Structure formats: structure tokens, C-alpha cells
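Q: Pasting a structure below so you can have a look.
The values are calculated or read from the model by the stated rules, or taken from the named source; none is laboratory data. Bear in mind the structure is a predicted one, so any value in this text is a computation, not a measurement. Here the Cβ positions follow ideal geometry from the backbone for every residue, glycine too, while neighbour counts run over all protein chains shown.
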Amino acid sequence: MARPDVDFDPQRCSLTVPNDLAFVAMVQGFVRGYAATAGFDAAGQARFDLLMEEAATNVIQGAFAADERAGFDVACERVPAGVQITVHDEGMPYDPSLTPAYDPGADLDSQTGAGLGSFLMKQIADVVEFHNLGSQGKETVFVMYLPAEAITGAPPAEEAPPEALAPVPAAERVPLDIGPLRPEQAIEVCRCIYDAYRYTYVNEHMYYPDRVVALNQAGDMVSAVATAPDGEVAGHAALVFPEDTHEVADLAIVATKAKYRGQSIARRLGEYLDGEALSRGLHGMFIEEVTVHTYTQKFCHHLGFADCGFLLANSPATMAFKGIAEEAATRRSVILGFKYLKPPRAAAIYAPSRHHDMIARIYERLGAPVSFADDAPVDHRALSTLDVSVNTKRSAATIRIPDYGRDLQQRIRHEVIRRLRENTSVVNVYLDLSARGTGHVAADLEDAGFLFTGVLPGGPSGDWLIMQYFNGVMVDYESMRIESPSTADLLAYIRANDRHEE
């Protein structure tokens, strides 16, 4: 009789199979059955069949020698509004940056088939990520979302400020109720996002009512809404949690319908979520402030956020939704703000010495006591760990490097080459400031063309140093509108170190 497991996850199933092509059908059947229980119809299950045929075949043929007998694992689990599949093996190391890019538009005479498997998997799945786990092997993670009806039918529009320039007189304001999202309001939230941004908003989930509900029910997002007396949703904001922690949250997805602007709805929603974050015991919150105007910056500073960095050229000036958008010649930058909800502990950080003065000023604005520890080169006996994700909508890659090793320079170089080949516009690297060697790694990245753009607190587990690499992108410093003199000082410092400006 099996004993109960306190760590058992009733939403997760796993299968271990031999590295033999004869078992591909078993993998397909296992995943197809899980997808069916999650609500995917026959057409959706067929997509899983194609996906797992490619994924399992890649592992069997690429991770092991022809005469090697081994196994690999396939795990299925529910995620908000969909299913996540993880394929894990401990076979030969693999560097996806070395896989040739497949060009479906190339003529038949020049096609070799190289890279076709990766291309097909990216076309089938909504999310594809590769994780090198060092001595524990590697894994590929796929996410497929349930089909849902989206808000569609209108052309893109320019992003609107969250509040009007002129406040509405008190006598003319609509009485609004600020509170948590109710599931039946999800469709109204999607319409609020559409009203504020049309189809330019980067988080595509916000156009699908089912996904909005699922994200809130799973605890990955905490939505707050401003509701008019007739039940119309006038505004929305949310706490969005990063994948790796619930210690901090992003105050995001702030939208106010045009006819309700000027009534301080964004501020009231922000204050409500500030209280929600405090009640949940969060360590802090961060926020992205646009630079095309200063309204959101003033709003964030009013809520107590201090600016700590930039994500330059963070997204196209006009975002596309399901392919509906024009090409944009420039990209928009955002300011990163952070607010501690608990008193920050004194910490020693490892940072590049040439940026000590600026980093010290950033932490002083944040109210966090830090000192700079004596750094040391990376451990040349260990291997590096890179967690890579790509936001195709933003054309931006994010790399987090929790472990440094002797192969780091080569791994970074290959990853950048891969992103250049795939025409990814920006590569953002996050380095752990609590890890010995960060200062040396940052200096190496700068030699390779990366630019220091600030820091981002990440909770008690550690803060991040931000480095960015631009693929043929010129940062439009002149067009940025900055409200705070200290933030303008940080931007001038970044620009002075940008080699593209020389």
C-alpha cells in the first residue's frame, strides 16, 4: 500500500520511457490523454501529438549514442489556462545556439532540413524554453494554452496615458468601487484593456477572459478592478508574480477606460494593491514606467516607488496582437521602479568596480543598506547555468545566470549569436549580485558589447544586476521624457557608457 506523499501534486503526472523510437507513440498517448483531461478538443490533442513526436524524437536521436540504453522523463502539469510539458533527459549536453536556424522561405535547393524540428515545435507550442541543468541534465519546457474566444475586431491604436491631463471635478466623478476581480468581470477587464491600448498591449493573456480568470485563480496574478454603479469595469491593475518567486510582484496591467480618465483610478487601484501586497507579506514590488511621457512616472513616485534601472528599447513602439500591427522604426524604453514593503536587510554585493558609485546611489534612493564585497573570478571547475526565455512579441530575450562556470563566456557568446540569427532585437541578462564573481562576469559582458543599465531587487534571495545587448537597435535617448532628476542622472550615466553613442 502506497504511503501518502505530502509533496504530491495532484495536477502533475510524469512518465519515464526508454530512449527507443518504439516508445514515441506511448509518449504521445500519455500527453494526449492528459491534454484531454485538461479540456483540449481533438484538434488540440492532435497538436500535442505533433509536438511530442518532434520532442521525443529529438531526445532519442540527439541525446544518446546509438547503442546507449537509457531513459528520459516527460511530465505534464496544469498551468493557468493550459498545460505545461517538460521533457527531461540526462544525455549528452546540448547547446541550442548551435542549431542552424531553419528558413521556411528558402528555395528547395538550399534546404537541408537542419533546424526544422526546433522550428516546428516553436510553431506548434505557445511557449518553448530550453534549460541547461548542469550535472542534472537538461530539459525543454512547452506550454500550450486552451483555445479561448478573444476580444477582436479593431485596428491598433497608440498607447494612452493611464490618466487624463486635467482632473475631473469632484461633482462630475462617477462613484467607483475598488476591489478584487470577480470571474464574471473578466470579459469587462479585456474590454478595458482594449479600450486603453487596442491590440498593442504586450501581455496577450489580457485579451482572453478565460486566461484572466485562470491566472487569478492560480495565484499568478492578483487583479483589482474599479467598477462603476452599472457594473462596467472602468479600470484594472494587477500584481503579477515572476515565475521564480512570490516574494516580490510586478504592479502591472494598469488600464483606465478613456471616458473615466481624470478620476485618479490608476492611483486608487495602485493603493489598493499596495495594501494587498502588504497583507500577503511580500518583500517588495517593482513596476515599469514608460518614457514617452511622465504621467506614469509621477504616478509611481506618488506610490513610493524609487527608480533603479532601465530596460532600454524594451518593446516595439507599436505592439502587434495576432499579427495586427504596423512595423515600428523605433523601440520604447521603460524605467524600472522598486518599493520595499519590508525593511531591507544590510547586504554585501558583488558588483563591477567601475559602477560602484552609481550602484551605491541607486541603493541609497531605494533606502537599502549595501556594501561592496571583494570579488573573485568565477570557479573554473564548475559549469554555468543559464535560464533563457524569449518574448517573441517584444522581440526580447531574457537570460538569468544563477551559476557561473568556466564555460560562461562561450555559452553567452553562443546564446547571443543564436538571438542575432533569430533577429531578436534585445538580449537582457540578469546577474545575481549576491553571487561571488558577478563583478568579473559583468566586466566580461561589457567587453562583449553588453551595457550596464541598473539593478532590480529580487527579494530576500538576492538582487539582480541588469546588462543589455542590442541587435542593430539604436536607443533613442533624445525622445525619452524623465520626471526625476536622479533618474535623468542614471540615464545620462548609461548613455555615457553606451558604445553606440561614441
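Q: Pick from region 323-355 the residues that are loosely packed, with under 13 Cβ neighbours inside 10 Å and among the aliphatic types (A, V, I, L, M): which of them is modelled with the lowest pLDDT?
A: Step by step, filter region 323-355, then rank; the result is A329.
Q: Further, regarding this structure: Can T453 be described as closer than 30 Å to R345 by Cβ, touching a helix residue (DSSP H, G or I) at 6+ places or on another chain (Cβ under 6 Å) and touching a residue at least 60 places away in the same chain (Cβ under 8 Å)?
A: Values: closer than 30 Å to R345 by Cβ: yes; touching a helix residue (DSSP H, G or I) at 6+ places or on another chain (Cβ under 6 Å): yes; touching a residue at least 60 places away in the same chain (Cβ under 8 Å): yes.
Answer is yes for this residue.
Q: Quick test for you: out of R499, R495, pick the one residue that is among the charged types (D, E, K, R) and in contact with a Gly (Cβ under 9 Å, 6 or more places away or on another chain).
A: On the way: R495 fails: in contact with a Gly (Cβ under 9 Å, 6 or more places away or on another chain).
That would be R499, the only listed residue that is among the charged types (D, E, K, R) and in contact with a Gly (Cβ under 9 Å, 6 or more places away or on another chain).
Q: Still on this structure, please answer the following. Find the residue count for region 244-285, including only residues that are buried (at least 20 other Cβ atoms within 10 Å of the Cβ) and under 21 Å from E204 (Cβ atoms).
A: So the answer is 7.
Q: If D489 satisfies all but one of (1) in contact with a strand residue (DSSP E or B) (Cβ under 9 Å, 6 or more places away or on another chain); (2) in a helix (DSSP H, G or I); (3) not small (G, A, S), what's the number of the condition it fails?
A: Single failed check for D489: (1).
Q: Would you say R495 is buried (at least 18 other Cβ atoms within 10 Å of the Cβ), in the same structural domain as T291 (by TED's automatic domain parsing) and part of a helix (DSSP H, G or I)? Walk me through how you get there before you give the answer.
A: Numbers: buried (at least 18 other Cβ atoms within 10 Å of the Cβ): no; in the same structural domain as T291 (by TED's automatic domain parsing): yes; part of a helix (DSSP H, G or I): yes.
Taking the combined requirement at face value, the residue does not satisfy it.
Q: A further question on this structure: Quick one: would you say E415 is in the same structural domain as D463 (by TED's automatic domain parsing), crowded, with 20+ Cβ neighbours inside 10 Å and either charged (D, E, K, R) or touching a Leu at 6+ places or on another chain (Cβ under 6 Å) (or both)? Working first, answer last.
A: Values: in the same structural domain as D463 (by TED's automatic domain parsing): yes; crowded, with 20+ Cβ neighbours inside 10 Å: yes; either charged (D, E, K, R) or touching a Leu at 6+ places or on another chain (Cβ under 6 Å) (or both): yes.
So E415 fits the description; yes.
Q: Follow-up. Could you please let me know if P229 is farther than 28 Å from L341 by Cα and not polar (S, T, N, Q)?
A: Details: farther than 28 Å from L341 by Cα: yes; not polar (S, T, N, Q): yes.
So P229 fits the description; yes.
Q: Could I ask something else about it? Looking only at region 373-401, count how many residues are surrounded by fewer than 15 Cβ atoms within 10 Å (Cβ to Cβ) and touching a residue at least 24 places away in the same chain (Cβ under 8 Å).
A: The first filter runs over region 373-401 and keeps only residues surrounded by fewer than 15 Cβ atoms within 10 Å (Cβ to Cβ), leaving 374, 376-377, 379-381, 392.
Cutting the leftovers down to touching a residue at least 24 places away in the same chain (Cβ under 8 Å) gives us 376-377, 379-381.
The total comes to 5.
Q: A further question follows. Considering V202, V189, V240, which residue is under 18 Å from N391 (Cβ atoms) and either over 20 Å from the mean Cα position of the chain (by Cα) or at pLDDT 90 or above (or both)? It would help to see each step written out before you state the result.
A: Numbers: V202 fails: either over 20 Å from the mean Cα position of the chain (by Cα) or at pLDDT 90 or above (or both); V189 fails: under 18 Å from N391 (Cβ atoms).
Matching residue, one of V202, V189, V240: V240.
Q: Which pairs have Cβ atoms under 8 Å, sit 6 or more apart or on different chains, and link a residue in region 463-490 that is within 13 Å of E289 (Cβ to Cβ) to one that is part of a strand (DSSP E or B) and hydroxyl-bearing (S, T, Y)?
A: The qualifying pairs are M480/S333.
Q: Moving on. Can you tell me which residue in region 243-273 is nearest to the chain's Cα centre (by Cα), limited to those that are under 24 Å from P80 (Cα atoms) and of a type in the set (D, E)?
A: Taking the candidates together, the pick is E243.
Q: Of everything in region 59-92 that's in a loop (DSSP other than H, G, I, E, B) and of a type in the set (D, E), which residue is surrounded by the most Cβ atoms within 10 Å (Cβ to Cβ)?
A: In the first step, residues of region 59-92 are kept if they are in a loop (DSSP other than H, G, I, E, B); the result is 63-70, 80-81, 90-92.
So of that shortlist, the ones also of a type in the set (D, E) come out as 67-68, 90.
Numbers: D67: 5, E68: 10, E90: 16.
Of everything passing the filter in region 59-92, E90 is surrounded by the most Cβ atoms within 10 Å (Cβ to Cβ).
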